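Notes for the one structure printed next.
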Amino acid sequence: MSKIPRNFKLLEELEKGEKGLGAESISYGLSNQDDITMTYWNGTILGPPHSTHENRIYSLQIVCDKTYPDKPPQVSFVSRINLPCVDETGKVVVDRFDTLQNWKRVYTMETVLLELRKNMAAPANKKLQQPPEGSTY
């Protein structure tokens, strides 16, 4: 099986993200449309219902360096959040987040955002006290 080059994979993800073809609870796209290396991305997660995150919108930064998709992207929350997999600077810690820790080349930014949202809704996390809405790192 041949390996899809990084840029082709990122172009596919960009198209899916821009056209809103993925899940309605998340979105993602380039931070700067002129970024021809497609390295810097913004992501958004709508807080899952029936949790302390309900009706909140979380902003994230995603960095897909030259090792992506062989290695996971670097993901950080811009919006403050209290989750076990997020450190005090907003960075999603690889060792504490299964999707990044057990990264597979077939995963995408959509996979990461959906898994983070699922993590927010997990029974152990959905009632965690959250920072004031609108606060950032």
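The values are calculated or read from the model by the stated rules, or taken from the named source; none is laboratory data. For clarity, every value in this text was computed on a predicted model and none was experimentally measured. With ideal geometry, Cβ positions are generated from the backbone for all residues, glycine too; neighbour counts draw on all protein chains shown.
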Kindly list, by first and then second residue, each pair from a residue in region 37-59 that is without any contact (Cβ under 8 Å) to a residue 12 or more places away in the chain to a residue that is surrounded by 17 or more Cβ atoms within 10 Å (Cβ to Cβ) and in a loop (DSSP other than H, G, I, E, B), limited to pairs with Cβ atoms under 8 Å and residues at least 6 apart or on different chains.
-> Glu54/Gly47; Glu54/Pro48; Asn55/Gly47
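Could you grab me the full set of residues in region 23-46 that are within 18 Å of Phe8 (Cβ to Cβ) and part of a loop (DSSP other than H, G, I, E, B)?
Once the filter is applied, which keeps residues that are within 18 Å of Phe8 (Cβ to Cβ) and part of a loop (DSSP other than H, G, I, E, B), region 23-46 yields Asp35, Ile36, Thr37, Met38, Thr39.
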With respect to Gly22, is the statement that it is under 26 Å from Pro123 (Cβ atoms), at pLDDT 95 or above and buried (at least 17 other Cβ atoms within 10 Å of the Cβ) true?
-> no
How many residues are within 12 Å of Pro69 (Cα to Cα) and touching a residue at least 40 places away in the same chain (Cβ under 8 Å) if we restrict to region 101-111?
-> 3
What are the residues in region 72-94 that are out of contact with any Gly (no Cβ under 6 Å at 6 or more places or on another chain) and either charged (D, E, K, R) or closer than 16 Å to Leu46 by Cβ (or both), if any?
-> Val78, Ser79, Arg80, Ile81, Leu83, Asp87, Glu88, Lys91
Has region 75-92 got at least one residue that is out of contact with any strand residue (DSSP E or B) (no Cβ under 7 Å at 6 or more places or on another chain), surrounded by 15 or more Cβ atoms within 10 Å (Cβ to Cβ) and either outside any loop (DSSP other than H, G, I, E, B) or β-branched (Val, Ile, Thr) (or both)?
-> no
In the list Pro72, Pro49, which residue meets the criterion of being in a loop (DSSP other than H, G, I, E, B), within 15 Å of the chain's Cα centre (by Cα) and either closer than 24 Å to Gly134 by Cα or not aliphatic (A, V, I, L, M) (or both)?
-> Pro72
May I ask you to list pairs of residues, at least six apart or on different chains, whose Cβ atoms are under 6 Å apart, with the first in region 1-30 being in contact (Cβ under 8 Å) with a residue 60 or more places away in the chain and within 18 Å of Ile57 (Cβ to Cβ) and the second being hydrophobic (A, V, I, L, M, F, W, C) and in a strand (DSSP E or B)?
-> Ser25/Leu46; Ile26/Ile45; Tyr28/Trp41
Of the residues that sit in region 75-107 and are under 19 Å from Lys126 (Cα atoms) and of a type in the set (S, T, N, Q), which one is nearest to the chain's Cα centre (by Cα)?
-> Thr99
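Yes/no matrix, rows are residues, columns are (1) under 28 Å from Leu10 (Cβ atoms); (2) at pLDDT 95 or above; (3) in contact with a Gly (Cβ under 8 Å, 6 or more places away or on another chain):
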{"residue": "Arg96", "(1), (2), (3)": "yes, yes, no"}
{"residue": "Leu116", "(1), (2), (3)": "yes, yes, no"}
{"residue": "Met120", "(1), (2), (3)": "yes, yes, yes"}
{"residue": "Pro123", "(1), (2), (3)": "no, yes, no"}
{"residue": "Gln130", "(1), (2), (3)": "no, yes, no"}
